[in-house]
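Since the structure comes first, as structure tokens, the remarks are kept for the end.
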Amino acid sequence: MRAAWYSKNGAAREVLEVGELPTPEPGRGEVRVRLHVSGVNPSDVKSRRGRPLIAERIVPHSDGAGVIDAVGPDVPASRVGQRVWTWNGQWQRPFGTAAEYIVLPSQQAVALPDDVAFDAGACFGIPALTAIHAVNLLGAIKGRTVLVIGAATSVGHYVAQVAARRGARVIGTVGSVEKAAHAKAAGVAEVIDYKREDVAQRVKDLTGGVGADAVVDMDFSSTAAMLAQGILRPHGELVSYGSNSMEQVPVPFRDLLFRGITLRFFVVYELLPAEREKALSDLHELLTAKALRHTIAARFPLHEIAAAHEAVEQGRFTGNVVLDLA
């Protein structure tokens, strides 16, 4: 099968290779998916740059969509021919979705509705599930104000849609006019250009000086400094799924303590089984209701995987980046 891989960490064009690898066979409880599309996420490029290798070669990417073409023992033969999308394809495994085929535990290949395109399905495992779980952690948000940091990013775009659908007033930060339009189309009521405006002050202006009820955050290394500036009202909560810096991030402890602020963190790869089941169920409900917008900003063939990684690293596109495999 055709596949892409790297054997050391480094820049995309220096370490990514494309060639032939043996086509995998499914074992007990597993399915093999003939992939049509592979999703390229920021965590994929960060892994290529710096995550220690767990095998001689790593086929990158966790997200993908395609058709099951073979099953192992203990998996119903009726799954053959089923359209599916995948989650955690390359998490703690060396073989991800940047290949024509992937073998996975059966539960990691989720049925894809017939009216949902493969390219959209390749955006579910990380962007959509991260967004849904982040909003789920906030509980009931109808009538509350939710600040979404990075409202035009792949995850933020889904967060805005889910939060708005659940009745929240959504404020979002963006970095350009184009991204502002993208965020508003997802249900963001007011946008804040973080490159031109004082985010904390604008949040207070938009909330009568009290701050947002909740924040969904993609970069805790930047957002932490705004906590003492009033972006959250007393007893508000922040849910964070990422940070541009993985070093220690100082927080204003005294301010958080006396205002009763809650901080919650998660990575989508490590959701508890009940949390993942809830997110999967919610996603299925949204898809059935045709309530999610999916934005494929750029597509690349497999042999241009380095360019796809560079596009994600440089943030050149508003929306998701994918590889076409079939």
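Bear in mind that the values in this text are calculations on the coordinates, not laboratory data. Values in this document were obtained by computation on a predicted structure and should not be read as measured data. Here Cβ is always computed from backbone atoms with ideal geometry, including for glycine, and neighbour counts include all displayed protein chains.
Some notes on this structure:
- Additional length obtainable on full extension of the chain from E285 to Q92, 0.36 nm per residue less Cα span: 66.6 nm
- Residues of region 163-194 with amide N under 18 Å of the 7 Å Cα→Cβ point at K278: 163-168
- Whether the chain is rounded, prolate or oblate, judged on the alpha carbon gyration tensor where a/c under 1.5 counts as rounded: prolate
- Protection-proxy order for peptides 106-113, 83-90, each taking the mean of Cβ atoms within 10 Å per residue, highest first: 83-90, 106-113
- Each peptide in 231-238, 150-157, 264-271 was scored by the mean count of other Cβ atoms within 10 Å over its residues; highest first, the order is 150-157, 231-238, 264-271.
- Take 44-52, 302-310, 31-39, 122-130 and order them by the average number of nearby Cβ atoms within 10 Å per residue, most first; the result is 122-130, 31-39, 302-310, 44-52.
- Separation of region 215-261 and region 18-42, taken as the distance between their Cα centroids, equals 38 angstrom.
- Gain in span if fully extended, R165 to A307, counting 0.36 nm per residue against the direct Cα distance: 47.6 nm
- Cα pair distances exceeding 14 angstrom across region 1-82, given as percent: 69
- Rg in Å to one decimal, and Dmax rounded to a whole Å, for region 138-187 via C-alpha atoms: 10.0, 31
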